[in-house]
Amino acid sequence: DMEIKVKRRFLGDKYTIGSLFVNGERFRVDGKAVDTLEDKNRDANMNGRFDDGERKMYGQTCIPFGKYEVGLDFSPKFSKKPSYTAFIRKGKMPHIRNVPSFEGILIHGGNTPADTLGCLLVGFNTIKGGLTQSLHVFKQLYAEIVAAMDNGEKVTIEFVP
């Protein structure tokens, strides 16, 4: 099975930066370690739930800590984006399933917190608060996820402090 892990290393007041691992190894593209960008963490006690006064804010909240299944599901939005239709299979994107209080959470490319809308972005954190080469990096990760699924593997993603 394929195990993706996001180790969050910077929890800022506007965004969250993490390191991406696949099957225990730091995921690399062109020899460079891949980073993640998400919205702000609002799960202060990091237990994967919104409790003790914690509140999710639509489009401004990172995925709760925990482990989730990843599926490939049709995306009305990305199936129409030419930069994605060039390589995604039948409009399907990696969908992080069964996230409490969230729907339609995908893994995709993007450069700033404004691009996340609660989703997980991948790229290189070479600029403060953002990512570069995200579409290139996403393309590589997408190929790995699809290959694992074609091989009958279950794909999971875990978000850890």
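What follows is calculated from the coordinates using simple rules that are stated; it is not laboratory data. Only a predicted model underlies this, so the values are computations on that prediction, with no experimental measurement involved. Every residue, glycine as well, gets a Cβ built from its backbone with ideal geometry; the counts of neighbours run over all protein chains shown.
The table below gives the values:
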quantity	calculated
Added length on full extension, which subtracts the Cα-Cα distance from 0.36 nm per residue, A33 to D150	39.6 nm
Under 24 Å from the Cα of K81 - lysines, other chains or at least 8 residues apart	K90, K92, K139
Acute angle (nearest 10 degrees) that the helix 134-150 long axis makes with the longest principal axis of the chain, alpha-carbon atoms	70 degrees
Partners for K40 among aspartates and glutamates (Cα-Cα distance below 20 Å; same-chain residues under 8 apart left out)	D13, D51, D52, E54, E103, D115, E158
Inter-site label distance for A44 and K128 at 7 Å from Cα along Cβ, in nm	2.6 nm
Contact order relative to length of segment 45-161, as percent, for alpha carbon pairs under 8 angstrom and 6 or more apart	27 percent
Cα-only Debye scattering, the chain: base-10 log of I(q)/I(0) at q = 0.12, 0.20 Å⁻¹	-0.46, -1.39
Positive-end residue of A147, T116, M57, charge dipole of the chain with Cβ unit charges	T116
Amide N proximity, segment 81-96 versus E69 label position 7 Å along Cα-to-Cβ, cut-off under 14 Å	95-96
The chain - mean residue ellipticity at 222 nm from DSSP helices (-39,500 (n - 2.57) per run, n ≥ 4, rounded to 500)	-4000 deg cm²/dmol
Estimated distance in nm for a label pair at E158 and R97, the labels positioned 7 Å out from Cα along Cα-to-Cβ	1.9 nm
